[in-house]
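A.B. asks: Can you keep this structure in mind? I'll have questions shortly.
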Amino acid sequence: MSFLKLILLGGLLFFLLSCGSRNKLSVEDVMKEANISVLPTQDDFPNDGGVILYEKFNDRLYLDSDYNVRVEETVQRAILYFNDKAENWTDHVIYLDDQSFLSNFTAYTKKPNGEIVYLSEKDLHPTHINEDLQQVSHEKSLRFIFPAVEPGAILYYGYTIDRKGFFFGDYWFVESSLPKIYTKFVFEIPKLFFHYGYNWNYSAFNFVLDEPKTLENILTEKSEKDASLIFYWELREIPALKREPFSPPYYDVAKYVSVDLKYKNWNELAKIYYRLIKDYFNAYKLPEVKSLSEKICQNAKSTEEKIKRIFEYAQTEFRYLAFDIGESGIIPHAFSEIVKNKYGDCKDMTVLQVNLLRAQGIKAYPALVPTKARTLAKPSFISLKNFDHMLVYVQADSGKKYWL
């Protein structure tokens, strides 16, 4: 197996790429996995630009040699292209961050005449959701474009992403803009998780989902550390999600599933998350932070006036830019980076304001909040996926409480 080091950001970061056979399914393999005997035609789907023949998403939690939790995500998908209504399926972005390693990448176009045009590592191009964020976002995504696309072509890709850090949930998007013949989601957890009292949880949105099927990984070469339980769902014949003008957001109408580890209560999840980010809120002890806070609040006559000045400083001196890929979605940037760059997302603005407020002796805390319908649908499902925004919660000496 050959490996390619893709150097990004001046050689400081890289992703490990390999062309492996693990995700290299032939069209015959795809048809067998999806139980398709004859390929469909445009006549079978007259209103669609294509059809997803096969897709599989696999989230595998495992323990490394030091018993740290890691997450391996594998994606496989085969699309039969009919016309330009499916144009947005002819390229793909692999969302990565600087804690991710890409491996086992494979992709090809099989033309109607049987010719296969393969992509290689050189066809993976570094890209960013927002080019303005390159210097501060952890996002290090890669984009590829299928060659030789024409009606009747089959577009296939597969890859694996190995992510460091704790698992904070994932989605299985059952419905999409194309119909699906077969879709599968697999969730694999080390048996040791259950031994120490951990478990997992899931919630289906906008449809009723049967309990997952279960397999036990009992391969003899597996050690106790590597033994796992495998849960999975398989669904077939999923119509395309047709979006009407002014229709509600995707999460309000589409069928999807959210999976996560199971927590005893919200406090347990809050403590785990806060342990990851608490050091970012200790910058108020630094002399330069205290000096900046004093400058902003100079001659302020009340706690409320200090709160107002710090809030206005964040609003007027900084640009708001959202990061929601990989680590950027849950981890803020350091106070010094935020001040230097003069922009950040909600987590960064919270780090900025909390530290400036604490430097004034004012009680201030980060608070996660939901703002979209998807985050309000099932509050009993305990997951960070329920939140999409962070604010500052402030307690003034007068007893008044503020949300910034």
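A.B. asks: Looking at the stretch 347-361, is at least one residue outside any helix (DSSP H, G or I), surrounded by fewer than 16 Cβ atoms within 10 Å (Cβ to Cβ) and at pLDDT 90 or above? Lay out the reasoning, then the answer.
C.D. replies: Going residue by residue through the stretch 347-361, those that are outside any helix (DSSP H, G or I) are 359-361.
This time we only want the ones that are surrounded by fewer than 16 Cβ atoms within 10 Å (Cβ to Cβ), so: 361.
Next, from what is left, pick out any that are at pLDDT 90 or above: 361.
Yes, because at least one residue in the stretch 347-361 is outside any helix (DSSP H, G or I), surrounded by fewer than 16 Cβ atoms within 10 Å (Cβ to Cβ) and at pLDDT 90 or above.
A.B. asks: Given the criteria touching a strand residue (DSSP E or B) at 6+ places or on another chain (Cβ under 6 Å) and among the polar types (S, T, N, Q), does Thr350 qualify?
C.D. replies: Numbers: touching a strand residue (DSSP E or B) at 6+ places or on another chain (Cβ under 6 Å): yes; among the polar types (S, T, N, Q): yes.
Taking the combined requirement at face value, the residue satisfies it.
A.B. asks: What are the residues in the stretch 194-229 that are among the aliphatic types (A, V, I, L, M) and modelled with pLDDT of 90 or more, if any?
C.D. replies: Those that are among the aliphatic types (A, V, I, L, M) and modelled with pLDDT of 90 or more: Ala204, Val208, Leu209.
A.B. asks: Filter the stretch 282-323 for residues that are under 30 Å from Ile94 (Cβ atoms) and surrounded by fewer than 14 Cβ atoms within 10 Å (Cβ to Cβ); which is modelled with the highest pLDDT? So that I can check it myself, show each step before the final result.
C.D. replies: At the first step, the residues of the stretch 282-323 found to be under 30 Å from Ile94 (Cβ atoms) are 319-323.
If we keep only those that are surrounded by fewer than 14 Cβ atoms within 10 Å (Cβ to Cβ) as well, we get 319-320.
Working: Arg319: 87, Tyr320: 84.
That would be Arg319.
A.B. asks: If you take the residues of the stretch 260-279 that are touching a residue at least 60 places away in the same chain (Cβ under 8 Å) and assigned to a loop (DSSP other than H, G, I, E, B), which of them is surrounded by the fewest Cβ atoms within 10 Å (Cβ to Cβ)?
C.D. replies: Asn265
A.B. asks: Which pairs do you get when a residue that is in a loop (DSSP other than H, G, I, E, B), found in the stretch 388-404, comes within reach of a residue that is crowded, with 17+ Cβ neighbours inside 10 Å, reach meaning Cβ atoms under 6 angstrom, with the pair 6+ apart or on two chains?
C.D. replies: So the pair list comes out as Asp388/Thr375; Ala396/Thr303; Asp397/Thr303; Leu404/Phe311; Leu404/Gln353; Leu404/Val392.
A.B. asks: In the stretch 234-251, what residues are exposed (fewer than 11 other Cβ atoms within 10 Å of the Cβ) and without any contact (Cβ under 8 Å) to a residue 40 or more places away in the chain?
C.D. replies: Glu244, Pro245, Phe246
A.B. asks: Residues that are in contact with a Pro (Cβ under 8 Å, 6 or more places away or on another chain), at least 1 per element: which strands (runs of 3 or more DSSP E) completely within the stretch 35-127 meet that? Write out each step before concluding.
C.D. replies: Numbers: elements: 50-63, 69-81, 91-94, 100-110, 116-118, 125-127.
Passing ranges, in order: 50-63, 69-81, 100-110, 116-118.
A.B. asks: Count, please, the residues in the stretch 331-345 that happen to be surrounded by 22 or more Cβ atoms within 10 Å (Cβ to Cβ) and outside any loop (DSSP other than H, G, I, E, B).
C.D. replies: Here the count works out to 3.
A.B. asks: Hey, does the stretch 144-161 have a residue that's in contact with a strand residue (DSSP E or B) (Cβ under 7 Å, 6 or more places away or on another chain), modelled with pLDDT under 85 and surrounded by 15 or more Cβ atoms within 10 Å (Cβ to Cβ)?
C.D. replies: Among the residues of the stretch 144-161, not one is in contact with a strand residue (DSSP E or B) (Cβ under 7 Å, 6 or more places away or on another chain), modelled with pLDDT under 85 and surrounded by 15 or more Cβ atoms within 10 Å (Cβ to Cβ), which makes the answer no.
A.B. asks: Also, quick follow-up: From the list Phe187, Phe207, which one is under 30 Å from Lys242 (Cα atoms) and touching a strand residue (DSSP E or B) at 6+ places or on another chain (Cβ under 7 Å)? First the steps, then the outcome.
C.D. replies: On the way: Phe207 fails: touching a strand residue (DSSP E or B) at 6+ places or on another chain (Cβ under 7 Å).
None of the others qualify; the one that does is Phe187.
The values are calculated or read from the model by the stated rules, or taken from the named source; none is laboratory data. The shown structure was predicted, so the numbers you read here are calculated from the model rather than taken from an experiment. FYI the Cβ positions are ideal-geometry reconstructions off the backbone, even for glycines, and counts take in every protein chain you see.
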